[in-house]
Amino acid sequence: LVGEEPRLARKLLEPLAGIVRSTQAKSLLYEAVYTITLSLPYCRKADGTMPASVPDIVDLCTRTLKSFVEESDQNLKYLGLVGFASLMQSHPKMLASSENKAARPLILACLSDDDITIRTRAL
């Protein structure tokens, strides 16, 4: 829906971020983060600027996805990598920022994972 109604993307950011901050349920946590990553490309205002909350929300998503990739559960690790790929679509320099540099070696370490799907997704 956000592709058809971009204002919806901006309206969803804060409520979804609130869910990410407050829930412990991994499935809900992932769905909220993934929905945020899909909404971010549509958040630009008419004047071309992004809402002021976007950098904090991108950082929240990065930390959450990093925690997924750090999990020993291969399914959560895979979901974390899928989420990073989605986040990179709207914020390709996200892994270059000083706050998020810890995620880069974590993703690179996935290239030597025993699971072929993890290795492929890390590429």
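The values are calculated or read from the model by the stated rules, or taken from the named source; none is laboratory data. The structure presented is a predicted model; accordingly, all values stated were derived computationally and were not measured. With ideal geometry, Cβ positions are generated from the backbone for all residues, glycine too; neighbour counts draw on all protein chains shown. Surface areas here come from the heavy atoms of the whole protein model, side chains and all, with no ligands, DNA or RNA. Shrake-Rupley method; radii C 1.70, N 1.55, O 1.52, S 1.80 Å.
Only residues that are of a type in the set (Gly, Ala, Ser), open to solvent by 20 Å² or more (accessible area, probe 1.4 Å) and at negative phi: list them for region 37-93, please. Don't jump to the end; show me each part of the working.
The first filter runs over region 37-93 and keeps only residues of a type in the set (Gly, Ala, Ser), leaving 39, 46, 48, 52-53, 67, 72, 80, 83, 85-86, 90.
Going one step further and asking which of them are open to solvent by 20 Å² or more (accessible area, probe 1.4 Å), we end up with 46, 48, 52-53, 67, 72, 85, 90.
Hits for region 37-93 are Ala46, Ala52, Ser53, Ser67, Ser72, Ala85, Ser90.
Looking at region 1-19, which of the residues that are open to solvent by less than 80 Å² (accessible area, probe 1.4 Å) and not in a helix (DSSP H, G or I) is farthest from Lys77 (Cα to Cα)? Even if it seems obvious, please write down each step before you answer.
Residues of region 1-19 open to solvent by less than 80 Å² (accessible area, probe 1.4 Å): 2-3, 5-6, 8-10, 12-13, 15-19.
Right, trim to not in a helix (DSSP H, G or I) and you get 2-3, 5.
Working: Val2: 27, Gly3: 28, Glu5: 32 Å.
This residue is Glu5.
Which of the residues belonging to region 25-36 are assigned to a helix (DSSP H, G or I) and either open to solvent by 60 Å² or more (accessible area, probe 1.4 Å) or free of Cβ contacts under 8 Å to residues at least 12 places away in the same chain (or both)?
The first filter runs over region 25-36 and keeps only residues assigned to a helix (DSSP H, G or I), leaving 26-36.
Result: Lys26, Ser27, Leu28, Glu31, Tyr34.
Scanning region 34-65 for residues that are more than 21 Å from Glu5 (Cβ to Cβ) and within 9 Å of the chain's Cα centre (by Cα) yields a count of 8.
When you scan region 97-106, do you find a residue that is more than 25 Å from Ala25 (Cα to Cα), more than 15 Å from the chain's Cα centre (by Cα), open to solvent by 30 Å² or more (accessible area, probe 1.4 Å) and not small (Gly, Ala, Ser), even just one? Checked against the condition, which is being more than 25 Å from Ala25 (Cα to Cα), more than 15 Å from the chain's Cα centre (by Cα), open to solvent by 30 Å² or more (accessible area, probe 1.4 Å) and not small (Gly, Ala, Ser), region 97-106 yields at least one hit.
Evaluate the following for Leu79: is it in contact with a helix residue (DSSP H, G or I) (Cβ under 9 Å, 6 or more places away or on another chain) and modelled with pLDDT under 90? First the steps, then the outcome.
Numbers: in contact with a helix residue (DSSP H, G or I) (Cβ under 9 Å, 6 or more places away or on another chain): yes; modelled with pLDDT under 90: no.
Taking the combined requirement at face value, the residue does not satisfy it.
If the condition is being more than 13 Å from Thr37 (Cα to Cα), at pLDDT 90 or above and among the aliphatic types (A, V, I, L, M), then region 52-69 contributes only Val69. When Ser22 is tested against (1) at pLDDT 90 or above; (2) open to solvent by less than 40 Å² (accessible area, probe 1.4 Å), only condition (2) is not met.
Just for region 42-75: of the residues that are among the basic types (Lys, Arg) and part of a helix (DSSP H, G or I), which one is farthest from Ser22 (Cα to Cα)? Can you show your working first?
As a first pass, look at region 42-75 and keep what is among the basic types (Lys, Arg): 44-45, 63, 66.
Narrowing further to those that are part of a helix (DSSP H, G or I): 63, 66.
Numbers: Arg63: 14, Lys66: 17 Å.
That would be Lys66.
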